[in-house]
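Accompanying notes for the structure given below.
The values are calculated or read from the model by the stated rules, or taken from the named source; none is laboratory data. Predicted, not measured: the structure shown is a model, and the values here were computed from it. Note: ideal-geometry Cβ built from the backbone for every residue, glycine included; neighbour counts use all protein chains shown. Please note that ligands, DNA and RNA were not included when accessible areas were found on the heavy atoms of the full protein model with its side chains. Shrake-Rupley method; radii C 1.70, N 1.55, O 1.52, S 1.80 Å.
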Amino acid sequence: MIEAIGNQYVVARPVYSTKTFGEEFKKTHRHHKTFLDHLKGCCSCSSQKAKKIALSLFPIASWLPAYKIKEWLLSDIVSGISTGLVAVLQGLAFALLVNIPPAYGLYAAFFPVITYFFLGTSRHISVGPFPVLSMMVGVVVTRVVSDPNASSELSSSSTENDSFIEEKVMVAASVTVLSGIIQLLLGVLQVGFVVIYLSESLISGFTTAAAIHVLVSQLKFMLQLPVPAYSDPFSIFKVLESVFTQIQKTNIADLVTSVIILVVVFVFKEINQRYRSKLPVPIPIELIMTVIATGVSYGCNFEDRFGVAVVGNMSLGFQPPITPSVEVFQDTIGDSFGIAIVGFAVAFSVASVYSLKYDYPIDGNQELIALGVSNIFTGAFKGFAGSTALSRSGVQESTGGKTQVLEQLCCKASTVLMTGKPKPGGKRQPSWGLFHFSQVAGLLSAVIVLIVIVAIGFLLQPLQKSVLAALALGNLKGMLMQFAEIGRLWKKDKYDCLIWIMTFIFAIVLGLGLGLAASVAFQLLTIVFRTQFPKCSTLANVGRSNIYKNKKNYAEVYEPEGVKIFRCPSPIYFANIGFFKQKLIDAVGFSPLRILRKRNKALKKIRKLQKRGLIQMTPKGFICTSDGFKDSDEELDNNQIEELDQPINTTDLPFDIDWNADLPLNITIPKISLHSLILDFSAVSFLDVSSMRGLRTILQEFIRIKVDVYIVGTDDDFIDKLARCEFFDDEVTDSIFFLTIHDAILHILMKKDYSTSKFNSSQEKERKFDFTINTNGGLRNRECQVPVETKF
């Protein structure tokens with residue numbers, strides 16, 4: 001019974017062990033599905049299930065019928081044009097990271113948008129080239145394809161052999177297709193949860209390191225230096241060494257142009273960020289600077305006058321699809337898996353931000369399928385792997401903001417279902433007007449890219465590669481600003497801060513592929529470390545009620561005499577059972593095994609004295625009639641060690657032994673005041689078979705020296721597993737489990753007769769232990785209605 005009294009409550013119930021609770025409240029029988037049941041459910045078919053599968057595979061069918069053309073199309077056109085222009089420029093710029101001609105970046109900016117429009121579940125992300133993925137693909141291209149013209153690659157695009165270019169494009173396309181296949185398989189197998197192994201700290205550190213890689217890789221274009229490509233560990237340092245040893249060969253025209261572009265882009269991006277609430281649309285500074293740079297380069301003939309590297313030939317239209325190389329598949333399976341995981345992790349993270357902001361669901365497995373099909377489709381048409389970029393997604397969202405504002409104002413005024421908020425007594429309806437417009441805007445952005453590919457791409461031929469490099473670096477501001485995460489993480493969680501730092505170091509030193517694998521391994525190692533060395537604590541009563549906290553954190557605490565409460569805040573398994581045992585010994589202040597052995601040794605001596613008649617037991621203690629008795633402690637320790645670990649048996653003696661009293665012949669046994677030990681396992685989620693043996697041994701050692709052990713806070717599955725594994729025996733029984741710490745404490749008080757309430761002899765015979773637990777910490781016997789409360 002629970003009775004509320006103001007801001008306090010009174011609980012009246014019996015003291016429950018897990019066993020007595022189970023006897024009073026019978027559990028209902030639950031049928032747990034087996035693997036065969038799940039398999040039958042997957043293989044079953046119905047019209048409703050078929051419709052559900054179709055809608056999940058093609059989300060467009062669920063929202064397109066609700067699209068309001070007259071109200072939303074104009075805003076989507078504005079958003080699509082802005083996003084499309086940004087996608088064109090980023091496609092050209094990020095193609096340099098892949099080490100292929102810029103024209104192929106347009107394919108990477110076009111094809112993913114088309115497929116994601118039909119298959120994606122996020123309404124706001126803009127799918128296409130992403131600098132980190134482009135860099136990862138470029139590393140693979142550099143490793144697989146040997147460069148026959150490394151020393152003159154940057155002087156002019158005409159110096160590159162056509163077959164060499166085709167080979168690099170083939171490798172990039174094959175890697176993209178393979179990563180798409182991996183994503184598709186993961187989505188079909190419903191293992192979208194794999195992204196949970198990439199924490200936010202890991203992703204932040206990895207993308208920051210990737211930004212540094214991008215920055216270093218673009219130096220050769222900004223300075224126009226013949227820097228060889230490296231793909232092995234420490235490659236970033238080799239590139240820097242090559243750059244600084246050739247710094248005197250810098251093309252001043254490219255350097256000045258790229259610096260001007262970079263400064264202007266950074267300034268206007270800061271303006272867009274600071275005044276985003278006042279600007280109707282972000283200032284398209286990349287487009288403006290590209291138009292200006294292209295016009296100046298063409299009008300002043302920079303290519304001939306200053307020898308700058310330009311985009312060069314931009315063939316109009318699409319190239320025929322290609323068949324991926326199986327040999328490349330075999331050589332790049334590991335790299336492709338990393339690209340697939342990173343691409344999905346980035347896209348899913350950005351999509352999750354928008355889904356929470358606008359309150360609509362996204363499906364991780366369907367996102368994997370959408371990205372996988374997009375990469376397969378893109379790779380088949382000579383594009384390279386993509387994900388999403390925050391800059392494009394931000395443009396797509398912000399330029400469509402008027403639709404959101406109008407819808408929200410309309411909703412506030414008239415409580416229509418568009419808000420997604422339920423009417424009183426009604427069900428929640430999807431708020432289509434708040435998020436579906438951006439998907440159409442994405443499709444319209446692909447139309448802009450299409451126009452550039454088939455009609456006006458040739459206008460970009462005079463554009464300097466250094467301008468594209470500067471634009472690529474301009475999009476790294478957000479990633480480079482993530483260095484500020486180190487200070488914030490250090491204050492919040494030092495483990496996460498360490499993960500960030502080590503991920504950054506691994507990715508910088510080992511490269512992006514090996515660095516990602518090493519970072520994931522290190523992150524998992526920190527989890528093992530946290531559970532292997534948990535912060536165990538000793539609890540005490542706080543406030544004289546049923547609340548128990550770490551006694552080191554509070555000044556006024558109460559510990560029942562002879563009772564120790566020990567808490568373990570992690571799973572117990574083979575790697576930390578030894579640490580758990582040592583921490584428990586430190587908490588109680590003695591080793592139970594050492595006490596057991598000393599008591600058994602003393603018992604052997606007392607038996608010998610008793611057999612020889614040299615010892616007598618009196619009410620005041622032992623009396624020894626001989627002082628000349630000697631025995632070999634060394635013999636007992638070495639030859640009969642197994643006997644010393646057995647339970648203490650005094651049934652053959654005509655008297656009982658008080659181990660805390662003085663023993664004859666100066667037999668010294670450590671005296672212990674502990675009589676009850678409570679183990680708080682409320683945070684122990686599982687126990688493996690190896691640790692079960694260790695735990696049972698620990699419990700037996702305490703029980704054999706007359707220390708009662710109680711385990712509290714476990715769930716039913718925990719105890720069921722112990723029963724299945726034959727954990728219980730004559731010494732360790734299932735009666736040691738209690739629901740809460742307070743239940744165990746009250747049981748100990750009753751068992752040890754520590755009641756301070758005053759009863760007469762008749763009340764003592766008739767009283768029943770049914771306690772009311774008051775918020776002031778009192779215990780009173782309900783049957784006898786004793787007014788005096790028993791406080792701790």
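Annotations
- Residue 593 buried (at least 16 other Cβ atoms within 10 Å of the Cβ), touching a residue at least 12 places away in the same chain (Cβ under 8 Å), in contact with a helix residue (DSSP H, G or I) (Cβ under 6 Å, 6 or more places away or on another chain) and not aromatic (Phe, Trp, Tyr): yes
- Residue count for the stretch 270-282, restricted to those that are open to solvent by less than 50 Å² (accessible area, probe 1.4 Å) and either farther than 24 Å from residue 76 by Cβ or not in a helix (DSSP H, G or I) (or both): 1
- Contact annotation: residue pairs with Cβ atoms under 7 Å, 6 or more positions apart or on different chains, pairing a residue in the stretch 247-273 that is without any contact (Cβ under 8 Å) to a residue 40 or more places away in the chain with a partner that is open to solvent by less than 70 Å² (accessible area, probe 1.4 Å) and in a helix (DSSP H, G or I), are 250/223; 264/285; 264/289; 268/285.
- Tabulated pairs, the stretch 132-155, first closer than 24 Å to residue 327 by Cα and among the charged types (D, E, K, R), second open to solvent by 30 Å² or more (accessible area, probe 1.4 Å) and at pLDDT 90 or above, C-beta under 6 angstrom, 6+ apart or interchain: none
- Annotation: of all residues in the stretch 15-46 being in a loop (DSSP other than H, G, I, E, B) and in contact with a strand residue (DSSP E or B) (Cβ under 8 Å, 6 or more places away or on another chain), the one that is farthest from residue 747 (Cα to Cα) is 16.
- Any hit, the stretch 26-42, residues being among the small types (Gly, Ala, Ser) and more than 27 Å from residue 715 (Cα to Cα): yes
- Counting residues in the stretch 735-751 that are of a type outside the set (Lys, Arg), modelled with pLDDT of 90 or more, over 26 Å from residue 673 (Cβ atoms) and open to solvent by 30 Å² or more (accessible area, probe 1.4 Å) gives one or more.
- Considering each residue of the stretch 203-221 in turn, none proves to be open to solvent by 20 Å² or more (accessible area, probe 1.4 Å), in a loop (DSSP other than H, G, I, E, B) and either among the hydroxyl-bearing types (Ser, Thr, Tyr) or at pLDDT 90 or above (or both).
- Taking the criterion of being of a type in the set (S, T, N, Q) and over 16 Å from residue 465 (Cβ atoms), the residues of the stretch 272-300 that qualify are 272, 273, 277.
- In the set (1) at pLDDT 85 or above; (2) open to solvent by less than 50 Å² (accessible area, probe 1.4 Å), the condition left unmet by residue 256 is number (2).
Rundown of residues vs (1) among the aliphatic types (A, V, I, L, M); (2) touching a Lys or Arg at 6+ places or on another chain (Cβ under 9 Å); (3) within 30 Å of residue 143 (Cα to Cα), yes/no style:
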{"site": "488", "(1), (2), (3)": "no, no, no"}
{"site": "493", "(1), (2), (3)": "no, no, no"}
{"site": "508", "(1), (2), (3)": "yes, no, yes"}
{"site": "514", "(1), (2), (3)": "yes, no, yes"}
{"site": "523", "(1), (2), (3)": "no, no, yes"}
{"site": "532", "(1), (2), (3)": "no, no, no"}
{"site": "549", "(1), (2), (3)": "no, no, no"}
{"site": "562", "(1), (2), (3)": "no, yes, no"}
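- Of all residues in the stretch 104-117, those satisfying the criterion of being at pLDDT 90 or above and out of contact with any strand residue (DSSP E or B) (no Cβ under 6 Å at 6 or more places or on another chain) are 104, 105, 106, 107, 108, 110, 111, 114, 115.
- Taking the stretch 608-720 as the region of interest, the helices (runs of 4 or more DSSP H) fully inside it that hold 3 or more residues being surrounded by 11 or more Cβ atoms within 10 Å (Cβ to Cβ), at pLDDT 80 or above and hydrophobic (A, V, I, L, M, F, W, C) are 689-704.
- Breaking point among (1) surrounded by fewer than 22 Cβ atoms within 10 Å (Cβ to Cβ); (2) at pLDDT 85 or above, for residue 387: (1)
- Test for residue 194: is it surrounded by fewer than 22 Cβ atoms within 10 Å (Cβ to Cβ), modelled with pLDDT under 90 and closer than 16 Å to residue 344 by Cα: yes
- Residue count for the stretch 34-70 under the criterion of being among the basic types (Lys, Arg) and touching a Phe, Trp or Tyr at 6+ places or on another chain (Cβ under 9 Å): the result is 1.
- Inter-residue pairs, beta-carbon under 6 Å, first under 8 Å from residue 205 (Cα atoms) and in contact (Cβ under 8 Å) with a residue 24 or more places away in the chain and in the stretch 499-513, second open to solvent by less than 20 Å² (accessible area, probe 1.4 Å) and among the β-branched types (Val, Ile, Thr), 6+ apart: 504/208
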